[in-house]
Amino acid sequence: MGEIQPAAAAQRGWKQAGRPEDVLAHIPAGADLIVPIANGEPVVLLDTLEAHYRELDRVRIHRMDPLRERAYIRGECGDHLRHVDYYLGPGSRQAYWNGTCDLVPNNFSEIPQLLRESTKCSLVLAAASLPDRHGYFSLGTNADYTAAFIGEVPFFLEVNARMPHTFGQNQVHVSQVAGWIRADRELQELPVHEPDEADRRIAGHIAERIRDGSCLQVGVGKTPGALLAALRDHRDLGLHTEALSDGIMELIRRGVITGTRKRHYRNKHVTTFCVGTRRLFDFLDENGSVALLPVDQVNHPTVIAREPNFVSINATTEVDLMGQCASETIAGRYYSSSGGQADFARGAMWSQGGQAFIVLKSTTRKGVGRIRTALTLGSVVTTIKNTVDNVVTEYGVAELRGRSIAERARRLIAVAHPDHRDRLAFDARRSGLLH
C-alpha cells in the first residue's frame, strides 16, 4: 500500500509529522487520556509524558492490559500523571498490589460507554500504521475501545512502519488527528507456549462438540492453543473473537476458518485486538479478510447472539459447586479483571445452537483443587452461575445449563480431580447443596 508522500500531503493541507513534545500542548489540567491495549501503546509518546510529568496537572491515563511496566504506573509521577486500569496486565499487576494505580471493574464490551460517562475523554494516544495514499492511518493490531472514539475525540498518533496496516473500523484520517509523530520500534511479541497433556485433554473434550460451520470465540493461552490445534480437521468455521492469535492465524491459513457460514460479516474474520508473534503481525498487514471492530460491537452479547452455533471458550481459576466462576482473582488476590468472559458466555447462550465453555485444570500446580464447595475467600465472581453453560476439566464436561443446584454439584464433582471428589461430596451434603 503506497504511503502518502510529504509533498503530496502538504499540497492537500494534511498535518505533517511533528515532535513528541507537541503532544503536551493538547493535554490540559485534569485531562483524561485514552490508550489502547498491548501493542497499541504509543511508547515514545508515553516516554515523553513521563519525562515532562511535572508540567502535567492531575492527568489520568485510562487503559487495559499494559505489557510493560512504567514509572507513572508505579506511581513515580505522583498526582501529575496516574494510571487507571481496566484489566491488569504484566505492566500494572504489581503496581495495583502496591496501591500505585487504580482498577475499574467492567465488562470489556462496556468500556467505551464507561469512558464516555465517567471521564472527559480528552485525547486518544495510540500507535498506528503509516498513512496510506488516501491519508488514512490504521490502529494496526488494535480496535478495542479506542476505535469507538474515532470522530468523537481527537487522536494523537505514534506512527510506526512496523505496525501492520489493518482494516475494519479502526481507520483514522489525517484530518481527525490533533498531531502525529514517527517512531521505529519492534512490536512486543507474545510467545507461543506448548500445551501439556491436561490442556490437550480439555481441548479434545471441546473439539468433539464443535460442529462444522460454528462461529468461534477463543482466548489466548495453552489450553486455547491446544483447542485450535485440535480443530484442524474441521470445516468452514467462523471467527468472531476478542483476541486474534497465532493459533487462529494457522487455522485461517489452512482453510479451516473461512467464515462462509456466518450470518454477519460473512467471509470476514472479526476481532477487536491481536496479540502474538511477528508472523502474526506480517499476516495481518494489508489483509482484507481480517476486520478489526470496536469492542462495543465485537463483545456485545446481542451481537454475538445473532450468529447461530456460536461457541465461546474462556478460562477461569476456580469454580464452586453452584457453577460460579472466579476468573480474575487467584487465591483471593486480584490478578486481571473480567475482560470479555461474561460478554461471550451470555451471547453464546443466546445464540441458536450456541455453546459456552469455561475451562480450567482440575488442580493447581501444588495439587489444590480448583473445583471447590465455595470459592476461596476474597475471590471475585466473574461469570455468575446463571450464565455458565459448560465447565470443562481434563476429566470431562459438566453440562450445567438448565440443571438444578444439586445436579450442578454432582456434575462438577464428576469432573473434579479424583483425589478431591469424596471430600467435595461430603462438603456439598454438609452445606445443603446435596441431600
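Listed by chain and number, the lysines whose C-alpha is less than 30 Å from the C-alpha of LYS361, apart from same-chain residues fewer than 8 away, are LYS222, LYS385. A straight line joining the Cα centroids of the stretch 291-367 and the stretch 18-59 runs 33 Å.
Each Cα pair under 8 Å and six or more residues apart adds its separation to the average, and for the chain the resulting relative contact order is 13 percent.
Which trypsin sites (Lys or Arg not before Pro) from the stretch 353-435 combine a DSSP loop assignment with at most 15 other Cβ atoms within 10 Å?
On the way: sites: LYS361, ARG365, LYS366, ARG370, ARG372, LYS385, ARG401, ARG403, ARG408, ARG410, ARG411, ARG421, ARG423, ARG429, ARG430; in loops: LYS361, ARG365, LYS366, ARG370, ARG401, ARG403.
For trypsin sites (Lys or Arg not before Pro) across the stretch 353-435 that sit outside H, G, I, E and B with at most 15 neighbouring Cβ atoms in 10 Å, the list reads ARG365, LYS366, ARG401, ARG403.
log10 I(q)/I(0), Debye, Cα-only the chain, no solvent, q = 0.06 Å⁻¹? Debye intensities relative to I(0), on a log10 scale: -0.26. Divided by 2.2 N^0.38 Å, where N counts the residues, the Cα radius of gyration of the stretch 336-435 comes to 1.09. With the charge dipole of the stretch 190-321 set up from +1 on Lys and Arg Cβ and -1 on Asp and Glu Cβ about the Cα centre, the Cα lying farthest toward the positive end among the listed residues PHE281, ASN309, GLY225 is that of ASN309. Pairs of Cα atoms nearer than 8 Å and 6+ residues apart set the relative contact order; for the stretch 130-244 it is 22 percent. Computed across the stretch 291-330, the Kirkwood hydrodynamic radius from all distinct Cα-Cα pairs reaches 12.6 Å.
For the stretch 138-153 versus the stretch 236-276, the spacing of their alpha-carbon centroids is 20 Å.
Each Lys and Arg contributes +1 and each Asp and Glu -1, all at the Cβ; summed about the Cα centre of the stretch 67-175, the dipole is approximately 240 debye.
For the stretch 269-356, rounded, prolate or oblate, judged on the Cα gyration tensor with a ≥ b ≥ c (square roots of eigenvalues), a/c < 1.5 rounded, else prolate if a/b > b/c? Show your work: numbers first, answer last.
Working: a/c = 2.55, a/b = 1.35, b/c = 1.89.
Because a/c hits 1.5 or more and a/b fails to exceed b/c, the stretch 269-356 counts as oblate.
With +1 on the Cβ of every Lys and Arg and -1 on the Cβ of every Asp and Glu, and nothing else charged, how large is the dipole of the chain about its Cα centre, in debye rounded to the nearest 20? Using Cβ point charges on Lys, Arg, Asp and Glu, the chain gives about 1240 debye. Shape analysis of the stretch 1-151 yields a ratio of the Cα radius of gyration to the Kirkwood radius, Rg/Rh, of 0.99. Computed on protein heavy atoms with a 1.4 Å probe, the accessible areas place ASP233, ASP343 in the order ASP233, ASP343, largest first.
Take the Cβ atoms of LYS366 and ARG182, set R0 to 51 Å, and the FRET efficiency comes out at 0.55.
Stretched out fully, how many nm does the piece from THR260 to ARG68 gain, at 0.36 nm a residue minus the Cα gap? Don't skip to the answer; put the middle values down first.
On the way: separation 192, 0.36 × 192 = 69.12 nm, distance 3.82 nm.
So the chain would gain 65.3 nm between THR260 and ARG68.
Counting only heavy atoms of the protein chains and using a 1.4 Å probe, TRP97 has close to 80 Å² of accessible surface. Working note: Debye formula, equal point scatterers on the alpha-carbon atoms of the stretch 123-169, no solvent; log10 I(q)/I(0) at q = 0.15 Å⁻¹ is -0.33. The GluC sites (Glu not before Pro) of the stretch 111-213 meeting both criteria, a DSSP state outside H, G, I, E and B (loop) and at most 16 other C-beta atoms within 10 angstrom of the site's C-beta, are GLU152, GLU186, GLU189, GLU208.
As a check on your grasp of the helix formula, calculate [θ] at 222 nm for the chain: sum -39500 (n - 2.57) over DSSP H runs of n ≥ 4, divide by the residue count, round to the nearest 500. Don't skip to the end; give the middle numbers.
Values: 13 runs with 104 residues, N = 435.
My calculation for the chain gives -6500 deg cm²/dmol from helical runs alone.
Loop-located trypsin sites (Lys or Arg not before Pro) in the stretch 105-170 (DSSP state not H, G, I, E or B) with no more than 15 neighbouring Cβ atoms inside 10 Å: LYS120, ARG133.
Please list SER245, SER431 in order of solvent-accessible area, largest first, computed with a 1.4 Å probe with all protein chains present.
Working: SER245 15, SER431 70 Å².
Correct descending sequence by accessible area is SER431, SER245.
The values are calculated or read from the model by the stated rules, or taken from the named source; none is laboratory data. All values reported here derive from a predicted model rather than from experimental measurement. Every residue, glycine as well, gets a Cβ built from its backbone with ideal geometry; the counts of neighbours run over all protein chains shown. The area values use the complete protein model at the heavy-atom level, side chains included, leaving out ligands, DNA and RNA. Shrake-Rupley method; radii C 1.70, N 1.55, O 1.52, S 1.80 Å.
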